[in-house]
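Enquirer: Mind looking over this structure? Questions follow.
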Amino acid sequence: MSLVAKIAFRFLGNRKSSSFAPFVAAISVFGLCLGVTALLVVTSVMNGFERELKRALTAFHGHVLMFSRAEPVPNAQAIANDIKKTFPLVKEVSPYIFAEVMLSAKKGVAGSVVEGVDLKTFDKVSQMPNRLKEGRLPTAGAATVEITLGSELARRIGAQVGGDVVLTVPFAKEGGEPLAQRLKVVGIMQLGMYEYDNKYALVELSELQKTLSVGDRVNAFKMLTASPEKSILVTEGLNDKYVYPLRAKDWTSLNRNLFYAIQLEKVVIAIILFAIVLVASFNIISTLMMLVHDKKSQISMLKALGWSMRRTFATFLLIGGFMSLLGAIAGFALAQMLCRLVQWKSIIDLPPEVYFLSRLPVEIRPAEWAIILLSSILLALGATLVPAWKVSRESPVEGLRYE
């Protein structure tokens, strides 16, 4: 260990001194630790929300959704084959038809979006078969048309597997008469997002086409791409190739405002929590100033013996750097413990109707953590420059004048 380091640690750890500098130093390190911990944990929780939202969206709608803004379109399979041939990034296409309907059971009536899905391709573009809470997906050819409901939708209307629901489409027939049909509930699905669980239901494609009397036409296509991040490229290509009435949107566009809100919240929260780190940095300044006052005579004696201005500056910069590094490392360790604890056991339960999740999600992104740690260390270390420079410029006569 160099002589500068020995003197720095002796100044900082001298227990014989009557000064409060060591105690204030500990408080400063603790404050920096809490600031770093809060920033890392909150950022990880926001990342977890973003990840779960992404999973919920892509699990149901796939990566790209192309729909008709007018009447349903014919030749669905020809369009699907053309898309896969034209866009190599598209791995699978699933045509479907959707309609806004009313579903009723013993407990009441609820508005719903019913999707008629192609069972041959549906499981390749979505994760619905893995999201079944009870029962199974609907099939074709049964005596009664089958339907699978979202979990919250089923709870609202009091539907159960094996029971019946009545599907009503207002103004579906000529003359403005409503269409009503009884369907058998064969499954309950949990999509991972309250808004979807509360609204969506599935019917087999050909059965819903018969119910709506649209022949073999569909009004939407779900697509799975090679990578979720490249779905925007496919979306732009689809919109260039296909004109009205078809229009494509990628999975981020379906809830653009929500993703923007999450990003904005991350920035605002980061700025607020960085204020804690800034306060801790000012505490480090006060610690060094107290230490300078406490060790003034010793510093002056060292200078009188030939201790250079550069070494004096390096000594106090090393003290501040050690405090900054210790606080950041302690904050990193504490944040790791808290994040692992939340991942292992949900210590905070969330109302799913508000947050679309029932437990606190956490995702640790090493790159973000590295940036936060480095920024915190540099901010705290920068706070030591002023007192270190000030003490290095003082004359040894000032410190020995009143001794």
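Enquirer: Identify, from the list Ala70, Ala80, the residue that is crowded, with 16+ Cβ neighbours inside 10 Å, in contact (Cβ under 8 Å) with a residue 24 or more places away in the chain and small (Gly, Ala, Ser).
Expert: From the options Ala70, Ala80, the qualifying one is Ala80.
Enquirer: If you go through region 121-158 one residue at a time, how many are surrounded by 18 or more Cβ atoms within 10 Å (Cβ to Cβ) and in contact with a Lys or Arg (Cβ under 6 Å, 6 or more places away or on another chain)?
Expert: Qualifying residue count for the region: 4.
Enquirer: With Glu134, Glu152, Glu100, Glu92 as the choices, which residue is farther than 23 Å from Tyr194 by Cβ, among the charged types (D, E, K, R) and touching a residue at least 12 places away in the same chain (Cβ under 8 Å)?
Expert: Of Glu134, Glu152, Glu100, Glu92, the one residue that is farther than 23 Å from Tyr194 by Cβ, among the charged types (D, E, K, R) and touching a residue at least 12 places away in the same chain (Cβ under 8 Å) is Glu92.
Enquirer: When the residues of region 242-279 are narrowed to those that are of a type in the set (Val, Ile, Thr) and over 22 Å from the mean Cα position of the chain (by Cα), which ends up farthest from Val45 (Cα to Cα)?
Expert: Residue satisfying both the conditions and the ranking: Val243.
Enquirer: I would also like to ask the following. For region 361-377, give me each residue that is in contact (Cβ under 8 Å) with a residue 24 or more places away in the chain and aliphatic (A, V, I, L, M).
Expert: If the condition is that a residue be in contact (Cβ under 8 Å) with a residue 24 or more places away in the chain and aliphatic (A, V, I, L, M), then Val362, Ile364, Ile372, Leu373, Ile377 are the ones that fit.
Enquirer: Further question: Which of the residues that make up region 354-391 are within 26 Å of Ala314 (Cβ to Cβ), among the β-branched types (Val, Ile, Thr) and modelled with pLDDT under 80?
Expert: Thr384, Val386, Val391
Enquirer: Considering only region 119-140, state which residues are in contact with an Asp or Glu (Cβ under 8 Å, 6 or more places away or on another chain) and over 21 Å from Ala56 (Cβ atoms).
Expert: Leu119, Pro138, Thr139, Ala140 - these are the residues of region 119-140 that are in contact with an Asp or Glu (Cβ under 8 Å, 6 or more places away or on another chain) and over 21 Å from Ala56 (Cβ atoms).
Yes/no per residue for (1) crowded, with 21+ Cβ neighbours inside 10 Å; (2) touching a Phe, Trp or Tyr at 6+ places or on another chain (Cβ under 7 Å); (3) modelled with pLDDT of 85 or more:
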| site | (1), (2), (3) |
| --- | --- |
| Tyr196 | yes, yes, no |
| Lys199 | no, no, yes |
| Glu204 | yes, no, yes |
| Asn219 | yes, yes, yes |
| Thr252 | no, yes, no |
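Enquirer: What is the residue count in region 235-250 for residues that are surrounded by 15 or more Cβ atoms within 10 Å (Cβ to Cβ) and farther than 23 Å from Tyr194 by Cα?
Expert: 7
Enquirer: Determine, yes or no, whether Ser104 is farther than 26 Å from Trp251 by Cβ and polar (S, T, N, Q).
Expert: yes
Enquirer: Here is a further query. Please go through region 180-225 and pick out each residue that is outside any strand (DSSP E or B), small (Gly, Ala, Ser) and touching a helix residue (DSSP H, G or I) at 6+ places or on another chain (Cβ under 9 Å).
Expert: Listed by number, the residues that qualify are Gly192, Gly215.
Enquirer: From (1) among the β-branched types (Val, Ile, Thr); (2) assigned by TED's automatic domain parsing to the domain that holds Phe332; (3) surrounded by fewer than 21 Cβ atoms within 10 Å (Cβ to Cβ), pick out the condition that doesn't hold for Ile232.
Expert: (2)
Let's see how each residue does on (1) closer than 14 Å to Val114 by Cα; (2) β-branched (Val, Ile, Thr); (3) out of contact with any Pro (no Cβ under 9 Å at 6 or more places or on another chain):
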| site | (1), (2), (3) |
| --- | --- |
| Val186 | no, yes, no |
| Tyr196 | yes, no, yes |
| Ser213 | no, no, yes |
| Phe221 | no, no, no |
| Ala226 | no, no, no |
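The values are calculated or read from the model by the stated rules, or taken from the named source; none is laboratory data. None of the values given here were measured: they were computed from a predicted structure. Backbone-built Cβ (ideal geometry, glycine too); neighbour counts: all protein chains shown.
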